[in-house]
Each structure stands twice: as C-alpha cells, then as structure tokens.
Amino acid sequence: MIPPTHLDLFTRPICGVFTTFGADGQPESSIVWVGHDGECATINTTLERRKGRNLLADARVSLLVVDPNDTTRFIEVRGDAELVADGALEHLDALTRRYTRHPRFYGYVYPEEQQAQESRVVCRIHPRRVVVDAIHAPVNA
C-alpha cells in the first residue's frame, strides 16, 4: 500500500505527524519517529500516554510524513491502528538508533527507571487510504 516512490520516507530519520482522536472527538496530533515493517507504517508509543489512550478508544489514525529535502513530496497514511506489545522495545531501540546517536531508548533518551512505568506498543497502521503528492505520485496511482 505504500508506493515504492515514497517508502524511503519511512526508512530515513524523518519525523511524521501522527493524529489520533481524543475523547471529545477532536483530532490530536504529535510529532513521532516513523518506521515501516514491510506491510504497515509504524510508530511506537505507550498505553499510558494520550496517544495510547486515544488509540485504545478509537483505532482511526493518520500519519503525515514530509520529505525535508523537498517539502512538495509527502505521504499521508489514513487507516486503523493495530497495537502490538511483542517486540515493542526492540522496535523502539531500532528507531532510537536511526534517529539519534544512542544505542537504546531507556537509559539514553529517557531515564532507565521510566521503562517499568510504561507499557510500550508498536502501532501498525493498516491503510484504508494512502495519499501522496501529485508531483511525485507513481504513474499508475
């Protein structure tokens, strides 16, 4: 579902804008590290944070990633979130290595003791709709 023309936006250290829906139905957006697992766009969060709580109540999400080298090039993935606990810490550490100079998230980016207070999950975004910019869209899009 992610066209090859835009897959690099999920493999380079580019932040995305991740949107969930709050309890009042209003969209809530935040900047996130992004990835791709071969099938779905991914982000990492905790069930204790607002994003996690929102996702438990409403799986609808949007992820917008803009190429910082060419801001006319972007991709938006709209879909449903699947929250996966298995492998979440490894996923987070892989993102940490991509986005920072650190080997692990806890103990380097965030205090080690915080790990025991958080329930990490990988949010896999199953696309319902993928939108890319018209200039760089695949020919058969």
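The values are calculated or read from the model by the stated rules, or taken from the named source; none is laboratory data. Just so it is clear, the structure is predicted and the values come from calculations on it, not from any experiment. Virtual Cβ from ideal backbone geometry, glycine too; neighbours counted across all protein chains shown. Accessible surface is based on the protein model in full, side chains and every heavy atom, while ligands, DNA and RNA are left aside. Shrake-Rupley method; radii C 1.70, N 1.55, O 1.52, S 1.80 Å.
For the chain, the solvent-accessible area with a 1.4 angstrom probe is 54 square angstrom per residue. Amide H contacts for Val34 (H built 1.01 Å from N in the peptide plane; partners 5 or more residues away or on another chain; cut-off under 5 Å): Ile14, Gly16.
Dipole magnitude for the stretch 1-49: about 140 debye, using +1 per Lys or Arg Cβ and -1 per Asp or Glu Cβ, origin at the Cα centre. Compute the separation of the alpha-carbon centres of the stretch 79-141 and the stretch 1-52 and state it in Å as a whole number. Between the Cα centres of the stretch 79-141 and the stretch 1-52 lies a distance of 7 Å. 3J(HN,Hα) along the stretch 29-42: 10, 8, 7, 9, 7, 10, x, 8, 9, x, 10, 10, 5, 9 Hz, from the Karplus curve 6.51 cos²θ - 1.76 cosθ + 1.60 with θ = phi - 60°, whole Hz, x for Gly and Pro. Exposed loop positions in the chain were taken to be trypsin sites (Lys or Arg not before Pro) whose DSSP state is not H, G, I, E or B and which have at most 14 other beta-carbon atoms within 10 angstrom. Between these positions, the longest stretch is 50-100. Which of Ile75, Gly87, Gly107 sits farthest toward the positive end of the charge dipole of the stretch 57-141, with +1 on the Cβ of Lys and Arg and -1 on the Cβ of Asp and Glu? Selected residue: Ile75.
Expressed as a whole percent, the accessible area of the chain that falls on carbon and sulfur atoms is 52 (1.4 Å probe).
The helix-based estimate of mean residue ellipticity at 222 nm for the chain, built from -39,500 (n - 2.57) per DSSP H run of four or more residues and divided by its residue count, is -4000 deg cm²/dmol to the nearest 500. Which ³J(HN,Hα) values in Hz, rounded to whole numbers, follow from the phi angles of the stretch 61-73 under the Karplus curve 6.51 cos²θ - 1.76 cosθ + 1.60, where θ = phi - 60° and Gly and Pro get x? These are the phi-based 3J(HN,Hα) values: 9, 9, 10, 10, 10, 10, 5, x, 7, 7, 5, 7, 9 Hz. Here the spin labels are modelled as points 7 Å beyond Cα on the Cα-Cβ line, and at Val109 and Arg97 they lie 1.4 nm apart.
Along the Cα→Cβ direction, 7 angstrom out, place labels at Leu47 and Glu82. What is the inter-label distance in nm? Each label point is offset 7 Å from its Cα along the Cβ direction, giving 1.8 nm. Exposed loop sites here are GluC sites (Glu not before Pro) in DSSP loop states with at most 13 other C-beta atoms within 10 Å. What is the longest stretch of the chain lacking them? Answer - 49-141. Evaluated on the chain, the Kirkwood hydrodynamic radius is 15.5 Å, with distances taken between all distinct Cα atoms.
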